[in-house]
1. Tell me which of these LYS6 doesn't satisfy, since it passes every other one: (1) more than 20 Å from the chain's Cα centre (by Cα); (2) touching a residue at least 24 places away in the same chain (Cβ under 8 Å).
2. Assuming ARG156 fulfils every condition listed in (1) surrounded by fewer than 15 Cβ atoms within 10 Å (Cβ to Cβ); (2) at pLDDT 95 or above; (3) not aromatic (Phe, Trp, Tyr) apart from one, which condition is it?
3. Just give me the residues in region 66-84 being within 24 Å of the chain's Cα centre (by Cα) and in a loop (DSSP other than H, G, I, E, B), in sequence order.
4. Filtering region 42-51 down to residues that are in contact with a strand residue (DSSP E or B) (Cβ under 9 Å, 6 or more places away or on another chain) and in contact (Cβ under 8 Å) with a residue 24 or more places away in the chain, which residue is surrounded by the fewest Cβ atoms within 10 Å (Cβ to Cβ)?
5. Return yes or no: is ASN38 farther than 30 Å from CYS188 by Cα, of a type in the set (S, T, N, Q), within 16 Å of the chain's Cα centre (by Cα) and surrounded by 13 or more Cβ atoms within 10 Å (Cβ to Cβ)?
6. Can you find even one residue in region 172-182 that is without any contact (Cβ under 8 Å) to a residue 60 or more places away in the chain, on the phi > 0 side of the Ramachandran plot and in contact with a Phe, Trp or Tyr (Cβ under 7 Å, 6 or more places away or on another chain)?
7. With the checklist (1) surrounded by 22 or more Cβ atoms within 10 Å (Cβ to Cβ); (2) on the phi > 0 side of the Ramachandran plot in hand, flag the one item GLY208 doesn't pass.
8. Filter region 168-196 for residues that are under 21 Å from LYS124 (Cβ atoms) and surrounded by 13 or more Cβ atoms within 10 Å (Cβ to Cβ) and give the result.
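The values are calculated or read from the model by the stated rules, or taken from the named source; none is laboratory data. A quick note: this is a predicted structure, and the numbers were derived from the prediction, not measured. Virtual Cβ from ideal backbone geometry, glycine too; neighbours counted across all protein chains shown.
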Amino acid sequence: MFDTIKMKLLQKKKYIPDIKNAPMRSAFRGLPKLCAENCTNCKGCVDICPTGAISTEPFSIDLSKCTFCGACKRYCEKNAIDFTNFYKLGADAKEKLIVTADTTAESYYENAIEVRKEIYKIFKRSIKFRQVSAGGCNGCEMELNAASNANFDMGRFGIDFVASARHADGIVITGPITKNMAYALEDCYKSTPDPKVVILCGACALSGGVFQESSELNREFLKKYRIDLYIPGCPVHPLTFINAVLDFIRQK
């Protein structure tokens, strides 16, 4: 017992104490920052974007499609596009993922996820997810894995991934939803007890990402069932995922 106490004292705390205010490295590409005054409407950024996330009429970026590759920023010599390191990007509606020149970190975060009393009443401080990789590259899957490691330790907030849909309160979908995974995804959804939530995680799940024009996708699931939470990224950072879920299941 004394050896265990000594080890804990030596190693100290491995987890991030304040997950909601955790600092992010400056190189991280998070919420875009657009400057309409610098935009000459050359449409070069539109052409170079691999997923069609950028529009110039009006000047905006759709985070559901954005892979945060930075190609637009590197292309634009007028500095009309930049990326901040703000990582709280989750939203409860797809239309809230549109970033314009008027969008700031404060305005985005304040309106992104509205408190739903029924969610807090049902789940409160505990929610379990079945994660479905619907044809993804495993990038988002690895980041979701990392959310449970000693550094982020989302289990302390009552957020966990479980091995069976029967034990879950909802599902987290990653990947563009291929034809081969469409049935498995629907089966997982139907196996999850009601009431349940559905979360889309990553650009591929939100819009199809770089695969959105592929004939091998079957995204009918998204038209049939309600999506409760959209979490952009490519891949999604653990801090982005954890904060989005915390804001979703708790009162702010």
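1. Failing condition for LYS6: (2).
2. The failed condition is (2).
3. CYS66, THR67, PHE68, CYS69, GLY70, THR84
4. Only one residue fits best here, namely ILE48.
5. Values: farther than 30 Å from CYS188 by Cα: yes; of a type in the set (S, T, N, Q): yes; within 16 Å of the chain's Cα centre (by Cα): no; surrounded by 13 or more Cβ atoms within 10 Å (Cβ to Cβ): yes.
Considered against the rule, which asks whether it is farther than 30 Å from CYS188 by Cα, of a type in the set (S, T, N, Q), within 16 Å of the chain's Cα centre (by Cα) and surrounded by 13 or more Cβ atoms within 10 Å (Cβ to Cβ), ASN38 comes out as no.
6. Yes, some residue in region 172-182 is without any contact (Cβ under 8 Å) to a residue 60 or more places away in the chain, on the phi > 0 side of the Ramachandran plot and in contact with a Phe, Trp or Tyr (Cβ under 7 Å, 6 or more places away or on another chain).
7. For GLY208, the failing item is (1).
8. Our first condition is that a residue be under 21 Å from LYS124 (Cβ atoms); within region 168-196, this holds for 168-172, 192-196.
Once the filter is applied, which keeps residues that are under 21 Å from LYS124 (Cβ atoms) and surrounded by 13 or more Cβ atoms within 10 Å (Cβ to Cβ), region 168-196 yields ALA168, ASP169, GLY170, ILE171, VAL172, THR192, LYS196.
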